[in-house]
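Only one structure is covered here, and it is reproduced in the block below.
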Amino acid sequence: MSTVVSGADMRAAGAKPREDARRDAEGPKPERLSPGRIGIYAFLVVSALFFLIPLYIMVVTSLKTMPEIRLGHLFNLPSEVSLQPWIDAWLHACTGRDCFGLSPGFMNSVKITVPSVILSILIGSINGYALSFWRYKGANLLFGILLFGAFVPYQVVIYPLIIGFRVMGIYSTMTCIIIVHTIFGMPILTLLYRNFYAGLPIELFKAARVDGAGFWKTFFYVMVPMSVPITIVAIIIQVTGIWNDFLFGIIFSGRPNWPMTVQLNNIVNTTTGVREYNVNMAATILTAAVPLVIYFVSGRWFVRGIAAGAVKG
Amino acid sequence: MASVSIRKLGVSFGSLSVLRDLDLEVAEGEFIVLLGPSGCGKSTLLNAVAGLLDIDAGQVWIGGKNVTWEEPKDRGIGMVFQSYALYPRMTAEGNLTFGLRVAGVAKDEIARRVVRTAELLQIGPLLKRRPAELSGGQRQRVAIGRALVREAGVFLFDEPLSNLDAKLRTELRVELKKLHMTLGSTMIYVTHDQIEALTLADRVAVMHQGVIQQLAAPKEIYQRPVNRFVAGFVGSPAMNFISGELVVDSAPALRTQDGTTIPLSGYPFAEQSASGRQVVLGVRPEQIHFDAHAQAAAALPLKLTLVEPMGADSLLWGTIGEEQVSVRVGPDETHEHGEKIKVHFQPAAASIFDAKTGERL
């Protein structure tokens, strides 16, 4: 009897909770603005401001004329927008004796970055492919040594490299700086590609072997088409790294080939004459523009590529 | 069509020896299934035949030619993998033709083979699709097609149906069998699924710990397993094992630990054994019959502990003495848990193994 009674009770009582549930579903989402949420947003806003305020100051300063800058109102919007500083930065700013602005440096950076990125990614991907699929003798040792390369401080190898390149007769040339970037990109790219290929099913590789594809055909026809996501990650890492490089650029490229970063430094650090803050700001933004654009365009891919290890073909 | 001959094969990974001194002869047009639990070396053996791994010792002959040191592509083999291993960025057609294109086969010849293969496997409408746009069964068909277009003499299958769901597996199994009958090619097929092994094979090689335990027709494997491992591995539910002591007086019998005597007269002993030998009796669940009016001598008391109705038949679980046994009965038999019944079996159809070595007596 008792079970029946309790069952009826349940049914009778059941009407009310169900109504409550419906009202909950229709009502506002619970606690949109809890104190925790407010805290999180506050932190995010402060962090964003922390990084955005310098950028804001750079942009507004670069659009002001020198007399206005001398007034010292750092945060004010320019009373009169002037694009002249940008034009000067690009075409007329002086680096030492030459006054051609940043444009030669930009071209140099492009000439350095493009071949370095292509070469280093090509070598890195082949390394990764060979290390994960062709398990030859000593492969692990080689990989270990390569990885060790990622942890060697640059300063340690700079002088030996200078001597080596001088002996080869290519020190202070475009070739020299491209080789340096390619070598220093190898450890991280090899690691990146090796891990990506290690996540692919080994049977894919076996199938290609049964189909008669050798080392290169398997690589170019089977592996490369699958490597798009990881290659985008590699491009971002390399373009950003090489474009922003200053140290190798100033040491290995030679004066006529100095990349944009070195020329920016020379413009900003000119000791003679008036300091043209607006031109300096414009020049700095111009130099930083390329990595910024890369990030904005490919950020989505970047995340995808990082997660690509989980994706099966 | 080609025969395959594996002679004194040895494979090891580092210090771990996976296969040692393994011999296997596969006749032209034969369907051989390598059956065994995970890690028994069956896939390793297949990869060695394919030339996908380095072997330490021995030789592999395909079609009367020593191919031990040949590249996989030169061995005259086609291979199908468990994970399909289709090239994801190529269409189904691209997958089929990749090997031919690499080998530089003429275009019209490639087209002819693709048409023929597509017809054989009914994948014509799928040819323009990428693997991601195919279902599991369709992918595996394309993968089989990729092996077929090579028009090789030997096809190697590495657990090709394991990634498919049960219904598709049954369908493709039947198709594979038909395919073999149509093509008449030599096939070596690796699986851990005994149903696949028993249904597909001309001969089954049951492997365990890198050794072929028994190489025989499926029926022989099932009915006359050469040792306890084969007996226990093949068959579902597994063969019942009852251990005890052999008694050879007027008629042979088995005395279990708790004193139950099981008559064995009629069992074809391969050799004479003395009384007191420790043995294990193996009886398949369907060989045990429920017997209402038992012929007193041969009947065994079975105490039921569980009844499992399985649709086509029912499985009774119970104990004889202290050993757990299962009995397969018709679906209409009604029994209850705890019931005590009498059962009997034909000793001639049973198996008896030595308790120590596990070898068939």
Query raised in the report: In peptide B:299-307, how many Cβ atoms from other protein chains are near each Cβ within 10 Å, on average?
Result: 0
Query raised in the report: Can you give the translational diffusion coefficient of chain A in µm²/s, computed by Stokes-Einstein from the Kirkwood radius over Cα pairs at 4 °C and 1.567 mPa s?
Result: 53
**Report entry** For the protein assembly as shown, with +1 on Lys and Arg beta carbons and -1 on Asp and Glu, the positive-most of A:I87, B:V248, A:N127 along the dipole
**Finding:** A:I87
Query - Cα long-axis angle, helix A:2-26 against chain A (0 to 90 degrees, to the nearest 10) - result: 40
Query - Size of electric dipole in the protein assembly as shown: Cβ of Lys, Arg +1 and of Asp, Glu -1, about Cα centre, debye, nearest 20 - result: 2080
Requested in this report: In whole angstrom, note down how far apart the Cα centers of the stretch A:112-171 and the stretch B:182-213 are.
Outcome: 48
Requested in this report: Please average, across the residues of B:96-103, the number of beta carbons from any other chain that are within 10 Å of each residue's own beta carbon, and give a whole number.
Outcome: 4
Report task. Sort largest first and round to whole Å: the equivalent ellipsoid semi-axes of the stretch B:240-354, each the square root of five times a Cα gyration tensor eigenvalue. Result -> 26, 13, 13
Query raised in the report: How far is helix A:35-62 tilted off the main Cα axis of chain A, in degrees rounded to 10, range 0 to 90?
Result: 20
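So how strong a dipole does the stretch B:82-155 carry about its Cα centre when Lys and Arg Cβ are +1 and Asp and Glu Cβ are -1, to the nearest 20 debye? Walk me through the numbers on the way to the answer.
Details: 13 positive and 6 negative charges, 33 e Å.
For this selection, approximately 160 debye.
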Query - Relative contact order %, chain B, counting alpha carbon pairs below 8 Å whose residues are six or more apart - result: 16
Query - Positive-end extreme of charge dipole, the protein assembly as shown - chosen from B:T357, B:G136, A:F252 (charges on Cβ) - result: A:F252
Query raised in the report: Picking from A:P225, B:Q209, B:L35, whose Cα lies most toward the positive end of the charge dipole for the protein assembly as shown (charges on Cβ: Lys, Arg +1; Asp, Glu -1)?
Result: A:P225
Query raised in the report: Counting Lys and Arg as +1 and Asp and Glu as -1, each charge on the Cβ, what is the dipole of chain A about the Cα centre in debye, to the nearest 20?
Result: 780
Query raised in the report: What is the average number of partner chain Cβ atoms found within 10 Å of a Cβ in B:69-77?
Result: 2
Query raised in the report: With each run of n ≥ 4 DSSP H residues scored as -39500 (n - 2.57), what mean residue ellipticity at 222 nm is computed for chain A after dividing by its residue count and rounding to the nearest 500 deg cm²/dmol?
Result: -23000 deg cm²/dmol
Report summary line: Cysteines of the protein assembly as shown without any disulfide-compatible partner (other Cys Cβ under 4.7 Å) are A:C176, B:C40
Report task. Report P(r) for the stretch A:69-171: all Cα-Cα distances, bin width 5 Å, range 0 to the bin holding the largest distance, values in whole percent. Result -> 2, 8, 8, 10, 14, 13, 10, 7, 7, 7, 6, 3, 2, 1
Report task. Could you work out how far the C-alpha centroid of the stretch B:12-31 sits from that of the stretch B:112-181, in angstrom? Result -> 26
Query raised in the report: When each pair of different Cα atoms in the protein assembly as shown is counted once in the 1/r mean, what is the Kirkwood radius in angstroms, to one decimal?
Result: 32.5
Query raised in the report: Over the stretch B:202-334, what relative contact order in percent results from Cα pairs under 8 Å that are six or more residues apart?
Result: 18
Report task. Using only Cα atoms, tell me the angle between helix A:154-168 and the longest principal axis of chain A; keep it within 0 to 90° and round to the nearest 10. Result -> 40
Report task. Stick to Cα atoms and the Kirkwood definition of Rh, then tell me Rg/Rh for the stretch A:242-299. Result -> 1.04
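Throughout, read-outs are computed from the coordinates displayed, never taken from laboratory work. Quick caveat: nothing in here was measured; it's all calculated off a predicted structure. Methodologically, a virtual Cβ is constructed for each residue, glycine included, from the backbone with ideal geometry; neighbour enumeration extends over all protein chains shown.
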